[in-house]
Amino acid sequence: MSKPVERIIADTFLELASALETGSFKPARIVLTGPGSEHGEENMIRGAAIAAARGHHVIYAGTQTGDGVRTVNAADDKEAHDVMESLLESGEADGAVTMHYPFPIGVSTVGRAVTPGLGKTMYIATTTGTSSVDRVEGMILNALYGIITAKSCGIKNPTVGILNVEGARQSEIGLRELKKNGYEIHFAESGRSDGGSVMRGNDVLTGTCDVLVADPLTGNILIKMLSSFTTGGGYETLGWGYGPGIGRDYEKLILILSRASGAPLVANAIEFAAEMVRGNYKEVAAAEFSAAKKSGLQKLLDGLRAKKAPETESAQVPKPPEEVVTEEISGIEITDIEDAVSALWKENIFASSGMGCTGPVVMVSAKNHKRAEGILASKGYIQ
């Protein structure tokens, strides 16, 4: 069978599949920029050809040609980005895959990786860009961005876990408040014996959750490690890359790759972009942001900003009489730990700060344990 006939058959089946999913016979058209790769354009066009052989409509912006791939000539990185922008603006391309892009504040990318423990797919929210200049606000938005991406790729009810980094506990409190107000969010349960929705290293390796929430710098490290741990980091082979930029009122579909991405990962990223198009990502995003808004998202974020004037009054609060402290209260942000102790001192409860196996803790006596938990919950330090 000739290559042109194979191409026609592949395109026909792709269009039929697209029609069943979206009601349209128009296949997703994805533009890939090639110049700038650490492994050369030959690597990029090879990835494009792999994706084309899988039945995807690929437009390549660069100087190379490949089987089944339409090439638009671009001599360098700048020209390639100009071609990409032009194709997106004109509607000739439905999405793009590139190696860097200056997203505005409020937009960040959701990566997609295969976890080594059990070979599961996990979305990492987020991996590049900045959802917010405030860490906790950003992580709450990252959770929404991850849910949008996972749903666009066919996961109806993605489970959400929050990586055990600074901001995790306050982010969890905020997300549970959204859930209480009506926003549909399904929390994952850690595989560790003490459970909870805060994920540890084991959970990352096994893919306990569908969507892993983190700050973008940590997410960037994770996606890099998961995609290239078999090669030492110089050639990324596994997963789907750093993913699409998601944000409120942001409709362009631009996915990011590392410059170290190998051809197999390039092909997967193109497929990722096509999945987002077929999954009607714009409609999914609009629906999720609308639901979050109705559940008080903006009020929640405004409240976080207002809380940025911390008490930090421990120096002025007299210490109650010391007593033996044996009970731990966990779930408190490391940056809030001294203020939490101070809040208990104000109520004449002796407390001290410490570090448990899952993070910072406040230590109190057994007789004051229940009362102390109530005080800290009422002040928003714990749930």
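Out of (1) under 36 Å from the mean Cα position of the chain (by Cα); (2) modelled with pLDDT of 85 or more; (3) among the hydroxyl-bearing types (Ser, Thr, Tyr), the odd one out for Ser365 is which?
So the condition that Ser365 fails would be (1).
Going by the structure shown, is Ser258 under 21 Å from Thr206 (Cβ atoms) and either over 14 Å from the mean Cα position of the chain (by Cα) or not assigned by TED's automatic domain parsing to the domain that holds Ser86 (or both)?
When the stated conditions are applied, Ser258 does not pass them.
Looking only at residues that are small (Gly, Ala, Ser) and over 17 Å from Thr126 (Cα atoms) in the range 158-187, which one is nearest to the chain's Cα centre (by Cα)?
Looking at residues that are small (Gly, Ala, Ser) and over 17 Å from Thr126 (Cα atoms), I get Gly174.
Considering each residue of the range 179-191, count those that are without any contact (Cβ under 8 Å) to a residue 40 or more places away in the chain and in a loop (DSSP other than H, G, I, E, B), and give that number.
4
Here is a list: Leu217, Leu222. Which entry is farther than 17 Å from Ile147 by Cβ, without any contact (Cβ under 8 Å) to a residue 40 or more places away in the chain and under 14 Å from the mean Cα position of the chain (by Cα)?
Leu217
Specify the residue that is farthest from Ile148 (Cα to Cα); the eligible residues are those in the range 225-251 that are in contact with a Gly (Cβ under 7 Å, 6 or more places away or on another chain) and not hydroxyl-bearing (Ser, Thr, Tyr).
Ranking the qualifying residues of the range 225-251, first place goes to Glu236.
Is one or more of the residues making up the range 133-143 part of a loop (DSSP other than H, G, I, E, B), crowded, with 18+ Cβ neighbours inside 10 Å and assigned by TED's automatic domain parsing to the domain that holds Lys294?
no
Does Ser108 satisfy the condition of being part of a loop (DSSP other than H, G, I, E, B) and touching a helix residue (DSSP H, G or I) at 6+ places or on another chain (Cβ under 9 Å)?
Against the criterion (part of a loop (DSSP other than H, G, I, E, B) and touching a helix residue (DSSP H, G or I) at 6+ places or on another chain (Cβ under 9 Å)), Ser108 does not qualify.
Determine, yes or no, whether Gly117 is buried (at least 22 other Cβ atoms within 10 Å of the Cβ) and either within 17 Å of Ile223 (Cβ to Cβ) or in the same structural domain as Lys294 (by TED's automatic domain parsing) (or both).
It is false that Gly117 is buried (at least 22 other Cβ atoms within 10 Å of the Cβ) and either within 17 Å of Ile223 (Cβ to Cβ) or in the same structural domain as Lys294 (by TED's automatic domain parsing) (or both).
Under 30 Å from Lys299 (Cβ atoms), out of contact with any Lys or Arg (no Cβ under 6 Å at 6 or more places or on another chain) and assigned to a helix (DSSP H, G or I): is that true of Ile173 in this structure?
yes
Mind checking whether some residue in the range 84-92 is modelled with pLDDT of 95 or more, surrounded by 21 or more Cβ atoms within 10 Å (Cβ to Cβ) and within 30 Å of Phe289 (Cβ to Cβ)?
Yes: one or more hits.
Can you confirm whether Pro264 is under 30 Å from Asn43 (Cα atoms), under 17 Å from the mean Cα position of the chain (by Cα) and not β-branched (Val, Ile, Thr)?
no
When you look at Asp203, is it assigned by TED's automatic domain parsing to the domain that holds Val133 and assigned to a helix (DSSP H, G or I), yes or no?
Yes: the conditions hold for Asp203.
Since Ile349 meets every condition but one in (1) surrounded by 14 or more Cβ atoms within 10 Å (Cβ to Cβ); (2) of a type in the set (A, V, I, L, M); (3) modelled with pLDDT of 85 or more; (4) part of a helix (DSSP H, G or I), which condition does it not meet?
(4) is the only condition that Ile349 fails.
Take the residues of the range 165-192 that are out of contact with any strand residue (DSSP E or B) (no Cβ under 7 Å at 6 or more places or on another chain) and among the polar types (S, T, N, Q): which is surrounded by the fewest Cβ atoms within 10 Å (Cβ to Cβ)?
Asn181
Give the residues of the range 38-71 that are surrounded by fewer than 19 Cβ atoms within 10 Å (Cβ to Cβ), farther than 16 Å from Glu236 by Cα and of a type in the set (Gly, Ala, Ser), sorted by residue number.
Within the range 38-71, just Ala53 meets the criteria.
The values are calculated or read from the model by the stated rules, or taken from the named source; none is laboratory data. Worth saying up front: this structure is predicted, and the values here are computed from it rather than measured. Cβ sites come from the backbone with ideal geometry, for glycine too, and all protein chains shown count toward neighbours.
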